[in-house]
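Chemist: Got a structure for you, written out below as structure tokens; questions coming shortly.
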Amino acid sequence: MSGLSTDAVADLLREVAAEVITPRFRSLGEGEVMEKNPGDLVTVADREAEVVISARLREAYPDAVVLGEEAFAADHALMDRYLGAEHAFTVDPVDGTKNFVHGSPDHAVMVAETIGGETVRAWIHQPEHGRTWVAEKGAGTFRDGERMTCTPVPEDRDPQGVTSMWSLRDHAFDGLPKMRLSWVCCGVDYTRLVEGATDYIVYSRSNPWDHAPGTLLVTEAGGSVVHPDGTPYGPRSLLPGLVVAVDPHTCGAVRRRAAEHFTR
């Protein structure tokens, strides 16, 4: 096997979800849900899906580093190999594991491809929503084959925001409406922003498997992503905090207001 087309990777995620993830949805048995850390859940579906996806990627790209969320949990040295790799993939086998465990359809399977520290392709498959999103650098963002673009915030209204940070839930940045809780799943949050359900998102962390896929979807759709200190986001960036928005102006306005919350 020599390389995988964008469609082939999308097919892979759909296949793995159908075979490994969806059969467990709302039917996880005793002993099939574990805690990696207090409150940080993992299931047999996460582990089995990551093994299959990672194996297929390694088979197609023997020289690439594959950074899976569960593989990293077992071996933190994997992050250094990923950060130094010319060619790499991130794999989040079940993003929104807590949602998945609690029977919420808001979960996803995500993969991103990076070359030279830039995300060049991204995939998000949402099994229960029946949606597959793909993005390629310079070629746009697509939902089930339909090109998607962000809608900038009109000048006559304030931007509406969401956050997965409980500490900022119902918090209002200076002059802006209160933030609602996000869908607490990057694989749903980013796509909902592109669809227009929110204008911006504020995150506390920037793990590559969580954010490399969605950030490419958003930027290829015309949106913007930065760290609260103004540093541009990249898939090798581990700085705390992210501001994601439907347009650069909104991103800058929210970033300036959010910065103080990440410097305390």
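The values are calculated or read from the model by the stated rules, or taken from the named source; none is laboratory data. No experiment lies behind these values; they were computed from the predicted model shown. Methodologically, a virtual Cβ is constructed for each residue, glycine included, from the backbone with ideal geometry; neighbour enumeration extends over all protein chains shown.
Chemist: Please determine, by comparing only the residues of the range 70-95 that are under 29 Å from residue 106 (Cβ atoms), part of a helix (DSSP H, G or I) and not small (Gly, Ala, Ser), which one is modelled with the lowest pLDDT.
Modeler: It comes out as 70.
Chemist: For the range 242-264, state whether one or more residues are touching a residue at least 12 places away in the same chain (Cβ under 8 Å), in contact with a His (Cβ under 7 Å, 6 or more places away or on another chain) and outside any helix (DSSP H, G or I).
Modeler: yes
Chemist: Right, another one. Residue check, residue 162 against (1) touching a Lys or Arg at 6+ places or on another chain (Cβ under 6 Å); (2) exposed (fewer than 15 other Cβ atoms within 10 Å of the Cβ), all met but one. Which one?
Modeler: Here residue 162 meets the rest and fails (2).
Yes/no per residue for (1) surrounded by 21 or more Cβ atoms within 10 Å (Cβ to Cβ); (2) under 27 Å from residue 13 (Cβ atoms):
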position	(1), (2)
198	yes, yes
205	no, yes
223	yes, yes
230	no, no
243	yes, no
246	yes, yes
250	yes, no
260	no, no
263	no, no
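Chemist: Shifting gears a bit: Failed condition for residue 133, given (1) assigned to a loop (DSSP other than H, G, I, E, B); (2) under 19 Å from residue 188 (Cα atoms), with all others met?
Modeler: Result: residue 133 passes all but (1).
Chemist: Assuming residue 159 fulfils every condition listed in (1) under 14 Å from the mean Cα position of the chain (by Cα); (2) of a type outside the set (A, V, I, L, M); (3) more than 21 Å from residue 11 (Cβ to Cβ) apart from one, which condition is it?
Modeler: Single failed check for residue 159: (1).
Chemist: Moving to a separate point now. For the range 177-211, enumerate the residues that are at pLDDT 95 or above, touching a helix residue (DSSP H, G or I) at 6+ places or on another chain (Cβ under 7 Å) and assigned to a loop (DSSP other than H, G, I, E, B).
Modeler: Passing the criteria: 179, 182, 183, 185, 198, 199.
Chemist: Now, a different point. Could we say that residue 172 is more than 24 Å from residue 93 (Cβ to Cβ), hydrophobic (A, V, I, L, M, F, W, C) and free of Cβ contacts under 8 Å to residues at least 24 places away in the same chain here? Don't jump to the end; show me each part of the working.
Modeler: Numbers: more than 24 Å from residue 93 (Cβ to Cβ): yes; hydrophobic (A, V, I, L, M, F, W, C): yes; free of Cβ contacts under 8 Å to residues at least 24 places away in the same chain: yes.
So residue 172 fits the description; yes.
Chemist: What residue, among those in the range 1-45 that are among the charged types (D, E, K, R) and at pLDDT below 75, is surrounded by the fewest Cβ atoms within 10 Å (Cβ to Cβ)?
Modeler: Initial filter on the range 1-45 (among the charged types (D, E, K, R)): 7, 11, 14-15, 19, 24, 26, 30, 32, 35-36, 40.
Still in the list and also at pLDDT below 75: 30, 32, 35-36, 40.
On the way: 30: 5, 32: 14, 35: 9, 36: 14, 40: 11.
The selected residue is 30.
Chemist: Further, regarding this structure: Against the definition (of a type in the set (Ser, Thr, Tyr), crowded, with 21+ Cβ neighbours inside 10 Å and in contact (Cβ under 8 Å) with a residue 60 or more places away in the chain), how does residue 97 come out, yes or no? Let's see the steps before the verdict.
Modeler: Values: of a type in the set (Ser, Thr, Tyr): yes; crowded, with 21+ Cβ neighbours inside 10 Å: yes; in contact (Cβ under 8 Å) with a residue 60 or more places away in the chain: no.
When the stated conditions are applied, residue 97 does not pass them.
Chemist: Also: Kindly provide the set of residues from the range 141-159 that are surrounded by 14 or more Cβ atoms within 10 Å (Cβ to Cβ) and touching a strand residue (DSSP E or B) at 6+ places or on another chain (Cβ under 7 Å), ordered by number.
Modeler: Passing the criteria: 141, 142, 143, 148, 159.
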